[in-house]
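All of the numbers you see were taken from the coordinates with simple rules; none came from a lab. All figures in this text were calculated on a predicted structure; none of them were measured in a lab. Please note: Cβ atoms are built from the backbone with ideal geometry, for glycine as well, and neighbour counts cover all protein chains shown.
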Amino acid sequence: MSTVDTRESDPKSVKKDLRLVLHQVKYEQMAFWVNRTGAIFTIGFSVLFLVLLGATNGSQTISSLHNITNDQFYVPGFAAYGVMSACFTMLAINLVTRRETGLLKRLRLSPLPTWALLAAIYISTAIVAVSQVAVILIIGRLGYGVQFPTNWLALGLVLVVGIACFTAMGVAISSVIPNQETAGPVTSIAFFLLLFLSGLWFPISPTSGLATFSKFFPVYHLLQAMAAPFQLQPGVSAWAWGDLGIIALWGVGCGLIALRRFRWSPRRN
Amino acid sequence: MPAIGVNSLFKSYGGVHAVSDVSFEVGRGDVFALLGPNGAGKTTTIEILEGFNKRDGGDVRVLGVDPGERHNQRWLRTRIGVVLQEMAVESFFSVRQVLERNAGFYPAPRRVDEVIELVGLCDKAQVKVKKLSGGQQRRLDIGLGIIGNPRLLFLDEPTTGLDPAARRMTWDLIRTLSEQGTTVVLSSHYMDEVEALAQHVVVLAKGQIAASGTPWSLGGREFGKVVISFMLPDGVALADLPVTPSRCAGGKVEVDTDCEIEVLARLTNWSMATHHSIAGLSVMRQTLEDVYLKLTHDAEQRAEVVVA
């Protein structure tokens, strides 16, 4: 109210803002690929696990899942792993590191608007996740003869929901991790424990106690939702609405935590 | 219109006053230094000016706008540059890459080559940040502060950890920027730096202004005690001197005075008349550091008295 607006104004332009987002996406991508740890932990790990597990017992069938092969079981599983490791683990570690080294504060003080930074981080994370899913599908097809999903539209929806929600979870957990040293261990332990309990490494019976517990967490549901579009079992819909709904709930909840608790400055001062 | 106007600024954290009734102005193109011990409220004040921190009370104008208003922030951030105390640059990018990345944030940035030259990193442009020395990283950090061609530049301890040559280079850079019309807000622990660069100084202590003025007049420094010293000429006894020595050790005579002109006149007249040459003659005013330490010490003592 007391501001007398004598200043020159900057022209507002949506086109310029979009170019700004793409500019930042380019550097987010460069940072991911140049700084090899992220690439190794996400893409490298999922490919390595898939190849190792496929080599040991890939063609055996699983009687509890209507005799699909282990390979057919692992391909959607590691596609889901890719989405989760890119959006959750890597993003959380990346954000904590950037916050604690002052990089976020510096960006905050630059003219790059917050929404543009977040959009760029989101797009960049999505690029990594999608390329990882593609790599797994191609290796599965060429290496182990696992068919592509029968319903691509359903897979697309799983990716959209999965990437959005696990990104929100990644941002949320980064806001409660106090420092760089604990970022890696905390996220990795939480992630691998849930992966184990949710049946990435071996199929769990949907009625077992383990499944009952895992069903509270989104990891189990992303594994289920990712397998659905492959329609490996007769009579199962490609659209896993129930699983997607629970993932979305987690996404909204974590999104709210992320918005409330997100910090720009290092915690140590 | 001044570059910065602060009127009766207040900020507290959990009931403790971090900044209390602070007012000052910074003219356009000036180099302004904010001094004070750790915890005096410098960082809080600067963060409020940058729009990074919210104030509790008072009026603040930066380049004519209120930095606390959300709708001013993007406008302001295209026109200010910030160099934080701690280096924050991605270590896996090259010098040129980070500068190009940040240049892309601004509508009218400086040319990347120009900045690389200004901060003296021409032969390091393609080198990764992690391969740079501490001083070179600091200079890159300053480069990132000026890439957007800011009208107002905040420098938080810009030369801490630099070797003397790199320090002088940074001083020259700050002078060049100031001559080109950039306003600079500087915080530093080096008094020689403040004396060399700043036209105006504010000393904060316990969240309040302990003193303000030019570096050479701060705390009555231009009128205070002066020490005149010289080597005792051969064959002259202390008693033969035209002035009363305060101390004499190893042939070096020191005279404390607050009327240095009279003492110097007597000495030089005596020297000319008796043909005794006076070696090593010097006039030492209280250093800025002396004044600064006294001011902040006094402020802390006053605060303790209030508490007691």
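Take every pair of alpha-carbon atoms less than 8 Å apart whose residues are at least six positions apart; their mean separation over the length of chain A yields a relative contact order of 25 percent.
Under 13 Å from a label point set 7 Å out along the Cα-to-Cβ vector of A:T150, the amide N atoms of the stretch A:199-234 belong to A:228-234. In terms of the mean number of neighbouring beta-carbon atoms within 10 Å, the peptides B:234-246, B:45-57 order highest first as B:45-57, B:234-246. Across peptide B:50-60, the mean count of Cβ atoms from other chains lying within 10 Å of each residue's own Cβ comes to 1. Taking chain B as a Gaussian network of alpha-carbon nodes connected by springs under 10 Å, the highest mean-square fluctuation of the residues B:G134, B:G219, B:G68 belongs to B:G134. Cα convex hull, the stretch B:225-285: 74 Å³ per residue, rounded to a whole number. Candidate cross-link partners of A:K26 among the lysines, defined by an alpha-carbon separation under 17 Å and a same-chain spacing of 8 or more, comprise A:K15, A:K16.
Please report how far the C-alpha centroid of the stretch A:179-221 lies from that of the stretch A:93-137, rounded to the nearest whole angstrom. Answer, in whole Å: 24. Return, ordered by residue number, the residues of the stretch A:138-177 whose backbone nitrogen is under 18 Å from a label point located 7 Å along Cα→Cβ of A:S59. Once the point is set 7 Å along Cα→Cβ of A:S59, A:140-147 turn out to lie under 18 Å by backbone N, inside the stretch A:138-177.
DSSP beta bridges confined to the protein assembly as shown are antiparallel in about 65 percent of cases.
Figure legend: label point modelled 7 angstrom from the Cα of B:S8 along Cα→Cβ; no residues of the stretch B:40-55 have amide N under 11 Å from it. Derived value for the stretch B:4-219: Kirkwood hydrodynamic radius 17.7 Å. Basis is the mean of 1/r over every pair of different alpha-carbon atoms. Using the Cβ-Cβ distance between B:W75 and B:W171 with R0 set to 41 Å, the FRET efficiency from 1/(1 + (r/R0)^6) comes to roughly 0.85. To make sure I understand the rule: partners must be aspartates and glutamates, Cα under 16 Å from the Cα of B:K294, and not fewer than 8 residues away in the same chain. Which ones qualify? Within the straight-line limit of under 16 Å, B:K294 reaches these aspartates and glutamates: B:E222, B:E304. When only Cα pairs below 8 angstrom with a gap of at least 6 residues are kept, chain B shows a relative contact order of 19 percent. Inter-part distance, the stretch B:217-270 to the stretch B:10-44, computed on C-alpha centroids, equals 40 Å.
Quick one: Cα centre-to-centre distance for the stretch A:24-89 and the stretch B:101-174, in angstrom? If you average the Cα positions of each part, the centres end up 41 Å apart. The simple Förster model, with R0 at 22 Å and r as the Cβ-Cβ distance, assigns B:H17 and A:S265 a FRET efficiency of 0.60.
In this structure, B:K131 and A:I40 have a Cβ-Cβ separation that, at R0 = 25 Å, corresponds to a calculated FRET efficiency of about 0.70.
Counting only other chain Cβ atoms within 10 Å of each residue's Cβ, the peptide B:88-97 averages 4. Shielding by partners for peptide B:1-10, expressed as the average number of C-beta atoms from other protein chains within 10 Å of each residue's C-beta, is 0.
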